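Please read the structure below before turning to the comments.
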Amino acid sequence: MFDKSIEVTTINILRRTKTRIAVFTSAAIAIAALSLFTSNAEDVTLRGAGLFNHEHAYSRTLLKLADLVSKQASQNITFDLRGNSELGVEPDYVNFLTQGVAIDYAIIAPSNLTRFVPSLTLIGMPFLFRDLTHWNTVLSSDLLKPLEAELLAKADLIIIGYTGGGTRNLISNKKITNIDELKGHKIRVMAAPIQKRIFQTISTRPSAIDYSEIYYSIKSGVVDGLENESASLQQYKFFEVAPHITLTEHSITVRLLVMSGKSFRKLPTDLQNIIMKAGKEAGAYGRKLESSEDSARLAFMQKAGEIEIHNFTGREQFLELAIPVQDAYAKELGAEELLQSIRAL
Ligand code: MAV
């Protein structure tokens, strides 16, 4: 069902080639040369980066973006997507994008943006969304607009869409079914402080480790596991070192489809408008895609004997412990109103 053999990498979507082949007169040749020149002058190449191969929902979202834009643009556009962490991991993408070097667009987790807009990490907090409907309602609302403006002002990053939709569970090197078994459990979490704080409420020992280091950190005993969604678990084969999945379902992911402001401003206005519209559409496409495939991926890995799935009896208790931590964090950031508005939707 899920072909793991697909390897990434460069997508070239070149359309409407404007070159004319002229064979009869030198004037025609001159016109042809001019036409080619004009066409080249308008050509646009945008480079993207991602952690995954083309099978993953994030890459398919970025491919969708490329497709939508190139169908509407009057220029020839090359979308050069470098997957499989070829250009590093998400914190690297943030650095590249803010500086306007190496890449022009990427999908990143809000947890990577703490140093610019800490309040954005709220939307990546465990237990923020009640269910997929709530999550979709929030992402289709205007609630995050002020944070978008803040991110542009502070990091020169433009959010062109929202994707995600994976449900995060625990992935561990031992069977875990309840909160007691999590005491002292060494878990890798994303770098935003709120991630650590929430996992500390259930007496785990969380540490922020680079995504690229997780597999070997588990293998060497630095940590006992991580928390992640099924598409990423499947692609990075974390199950080889941590085959136990505990259904905590503590998070529905929000991922930002971002573009470097520096790259964006170099584009003609018509193309900028097309990209903004296509970003929204590609984000919605990715949300539907990842959320609808999530449990099928778990079932696939279970059937293949790659993972063992365990129910978690402590979800309600975990949620209750998480809420005051969310409240305190929002207060610290001056984002209580935002949190209340998200909860109220
Ligand atoms: C998954 O691979 C993705 O959700 C990605 O966006 C995150 O950065 C990553 O997990 C992570 O846990 O760091």
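None of the figures in this text is laboratory data; all of them are computed from the coordinates on show. These numbers come from a predicted model, not from an experiment. Glycine gets a Cβ as well: all are built from the backbone with ideal geometry, and neighbour counts include every protein chain shown.
Points worth noting:
- Size-normalised alpha-carbon gyration radius of region 44-344, reference 2.2 N^0.38 Å: 0.97
- Charge dipole (region 44-344, unit charges on Cβ, about Cα centre) - positive-most of Gln75, Asn228, Met301: Gln75
- Estimated from helical segments only, the mean residue ellipticity of the chain at 222 nm is -14000 deg cm²/dmol, where each DSSP H run of four or more residues counts as -39500 (n - 2.57).
- Normalised alpha carbon radius of gyration of region 279-345 [divisor 2.2 N^0.38 Å]: 1.62
- Computed E for Asp67/Glu42 - FRET, C-beta separation, R0 22 angstrom, nearest 0.05: 0.70
- Percent antiparallel among DSSP beta bridges (both partners in the chain, rounded to 5): 55 percent
- Extension reserve of the Lys288-Leu345 stretch, reckoned as 0.36 nm per residue once the Cα distance is removed: 18.6 nm
- In terms of distances greater than 18 angstrom between alpha carbons, the cross-link table entries Lys174/Lys219; Lys145/Lys266; Lys237/Lys288; Lys145/Lys280; Lys174/Lys237; Lys64/Lys288 yield Lys145/Lys266; Lys237/Lys288.
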